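The structure appears right after this line, and notes come after that.
Just so it is clear, none of the values below were taken in a lab; they were calculated from the coordinates. What you see is a predicted model; the values in this text were computed from it and never measured. Reconstructed Cβ throughout: ideal geometry from the backbone, glycine too, with neighbour counts over all protein chains shown.
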Amino acid sequence: MTPWPSPGLRARLLFAFALLSVVTTVAVTGGIYVLARTEILQRAQDAAVQTMTSRLQALFPLRSATPGPDELQQIAGTVADGNGSALALYHEAHSLTGPPPGGRRPREGPPTLTPEVIPAGLRGVVASGEVGWQRVIWHGAPFLIIGAPLVIVEQDRTTRISGIEVYAARSLLAEQRGIDQLATRALLTGGVALAFAVVLASVATRGVLRPVRELGRAARLLGEGELRTRIAVRGSDELADVARTFNNTAAELERHVKQLREMEADARRFVADVSHELRTPLAALTAVADVLDEEAAGLPEPAGRAARLVSQETLNLTGLVNDLIEISRFDSGVAALALNDVDMAELVRATLRSRGWPDAVRTELPPGVTARLDPRRVDVILANLVGNALRHGEPPVSVRLHADPHRIILEVRDHGPGLDEAVLPHVFDRFYKASASRARSEGSGLGLAIARENALLHHGDLTVTNAPDGGAVFTLRLPRRAPDPDGGPE
């Protein structure tokens, strides 16, 4: 399952600002809402209780300590006073529910107040002789039900509960609407605060991310080799310190790279100059070595052995100088292709035949495979690969040719122990000799490097792997039509 991509710094900053705004807004507006709601309901409740208490005082003295339904209805009407529903109870008797005769029921009042509507807890409080109230949801609307007992004052100023309970229902719909409007304003305030926070976050992140983006762009250019890349330093904050540090680092890197390039150019120029200067004395040494080689058979044994050694080492030195000259051509960019249409099978046979290897190498060369390449450079590649397999591998050594409409593939394989895994990445390095993984380590160490340079010059490639059943496999891939030296395809 593909993991979700991590959000960018801008998204995280915006989320942090938005979250902070939401938390702050919820905390402030939520606290204000709770306090305001409590205050509104408390005032409505206190006013309703005060009003009912005042109206109950108008009932004294009671006409009867044991009122009937008519008297209970008169008590309920006095309490309701046309502004709501009221109910008077005395043991099992109760007043007729609703407003008093001739009274007008309020539009937002309860339609009917019956004993069943009164909460049992409120009945218990009133029965104990105390004034109580409770908020309830009735017919889908909020109401405040207030209950109070009627007491009888004796001649000795003592009081006793008469047993008459009076209840009044007052609608809290107006207060609820006010609370809802307060909540709506709180939400609107929170939304405005959130939008303002997002705007501020956008402005802040733009100021923070601009130098970060510039730093990222500069680091990318620096990685691509644009060593003159620098960042404009603005202000004196931490981001400005980062920009200055980057500029100092880039300047030091540019200086060191320049020194290394100059040293590398000097080294390559030195190798090229020395190689060319050695060609003249080597030509003379080669001529003398040829004479010594011809006369070595007639010389006494110590002198003959020395003559043959001089001849062989002269040939080795000549090969090394030629390889260095070839490498210097690649480094200076003057190596060029001399393209020609060639038969690949015939080219491979000619390479093996000219070096005396036809009997030592197995070949699988399908006929009719042609390509437009530089035959001399392909010959150098094959000679290095086959010679390397014969010297360092074990027989049989094979050369196989494959082709498709766009490229040709040549595989050179031996059946030796193969290459150590630590050696594989360095096989084509210059002057690298994997003596620890081969039976012998001869040559200049430039042959495979030159072979790969010739493959790359054709816009091809040269790779090496170990075969599963043993041995090293060098694979040469070349296009069927190499690029024209002028830059376009033939």
Exercise for the section: Please identify the helices of the chain, taking whole runs of DSSP H, that span at least 27 Å along their own axis as judged from the Cα atoms and have a mean Kyte-Doolittle score of 0.0 or higher. Expected result: 9-57, 173-223
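Roughly how large, in nm² to one decimal, is the mean projection of the convex hull of the alpha-carbon atoms in the range 340-479? Before the final figure, lay out each step's value.
Working: hull surface 31.5 nm².
Projected over every direction and averaged, the Cα hull of the range 340-479 covers 7.9 nm².
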Problem - Overall dimensions of the range 239-332 as given by Cα atoms, namely Rg and Dmax in Å - result: 24.0, 84
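Around LEU260, under 14 Å between beta carbons, what's the net of Lys plus Arg minus Asp minus Glu among the other residues? Don't jump to the answer; show the numbers that get you there.
On the way: positive: ARG255, LYS258, ARG261, ARG268; negative: GLU252, GLU254, GLU262, GLU264, ASP266.
Summing Lys and Arg as +1 and Asp and Glu as -1 gives -1.
Could you calculate the contour length gain from TYR432 to ASP341, that is, 0.36 nm times the residue separation minus the distance between their Cα atoms, to one decimal place in nm? Mind showing how you got there, number by number?
On the way: separation 91, 0.36 × 91 = 32.76 nm, distance 3.39 nm.
The span from TYR432 to ASP341 would gain 29.4 nm if fully extended.
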Completion exercise
Gyration tensor on Cα atoms of the range 254-392, a ≥ b ≥ c root eigenvalues, a/c under 1.5 rounded, else prolate if a/b beats b/c, else oblate, says oblate
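Going by how many other Cβ atoms sit within 10 Å of their own, how do ILE40, ILE164 line up, fewest first? Numbers along the way, then the final one.
On the way: ILE40 17, ILE164 25.
Sorted ascending by nearby Cβ count, the order is ILE40, ILE164.
Would you calculate a helix-derived [θ] at 222 nm for the chain, using -39,500 (n - 2.57) for each DSSP H run of n ≥ 4 and dividing by the full residue count, to the nearest 500? Walk me through the intermediate numbers first.
Working: 9 runs with 250 residues, N = 490.
After summing the helix terms and dividing by residue count, I get -18500 deg cm²/dmol.
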Practice task
Any chance you could run the full-extension gain for ARG353 through GLU252? It's 0.36 nm times the residue separation minus the Cα-Cα distance, nm to one decimal.
Solution key: 30.8 nm
Completion exercise
For the chain, averaging the sequence separation of alpha carbon pairs under 8 Å that lie six or more residues apart and dividing by its residue count, the contact order in percent is 9
Problem - Projected area, mean over directions - the chain, Cα convex hull, nm² - result: 49.9
Completion exercise
Cα-based Debye curve of the range 147-231 sampled at q = 0.15, 0.23 Å⁻¹ gives log₁₀ I(q)/I(0) of -0.82, -1.05
Handout entry: Nonlocal amide H pairs with SER85, under 5 Å, H built at 1.01 Å
Key = ALA169
